[in-house]
Amino acid sequence: MDNELIVNKSWWGKNWKWFLLTLTFPLLFWLILSLSVDGNVTDIAKAYSDNSLYEKAIEKVKSNHRVLEVIGEIEPIDKLAIFEGNAIYSNNNNSVELSVRVKGNKGKGKMDISADKNGSEWKYKKISIRIKEPKEEIQILKDTI
């Protein structure tokens with residue numbers, strides 16, 4: 001019979017590794033988002049929350065014959081596409097440059113939007129679709145100023 005003394009480790013002694021891992025992943029995620037090369041996270045969040053900005057632009061794109069020819073019928077923009085895109089707000093959030101992916105039943109591309117806010121409405125200065133194959137940029141709306 002051994003008379004060994006069993007010493008129980010404290011909670012910290014047993015779980016310090018899990019605690020550090022739990023703390024590290026959210027900090028790492030925040031760091032990656034804050035150092036994002038594609039744009040400011042807060043600008044992307046603003047674009048994400050402003051549905052009218054890209055929905056009205058999509059309506060204009062859907063009426064373009066060349067877009068229908070190359071990409072086909074455009075699908076609604078999903079929220080993930082906004083996060084993958086690029087948004088830059090300026091002029092006290094009254095101007096925006098936005099780039100977001102679009103998909104159709106024949107292909108895909110990027111939609112570039114340049115717009116100014118007039119009250120609660122967006123006035124588009126430029127809307128274009130960039131396509132890789134065939135390499136082409138389709139101007140939907142171009143500011144003539």
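Each value in this text was obtained by applying a stated rule to the coordinates, not by laboratory testing. The structure displayed is predicted, hence computed values, not measured ones. Glycine also receives a Cβ, built like all others from the backbone with ideal geometry; neighbour counts cover every protein chain displayed.
Report, ordered by chain and residue number, the lysines lying within cross-link reach of residue 117, taken as a straight Cα distance under 29 Å and ignoring same-chain residues fewer than 8 apart.
Excluding near neighbours in sequence, the set is 46, 56, 60, 62, 79, 103, 108, 125, 126, 142.
Treating only the Cβ of Lys, Arg, Asp and Glu as charged (+1, +1, -1, -1), what charge dipole size does the chain show about its Cα centre? Round to the nearest 20 debye. Don't skip to the answer; put the middle values down first.
Values: 22 positive and 20 negative charges, 49 e Å.
So the dipole magnitude of the chain works out to roughly 240 debye.
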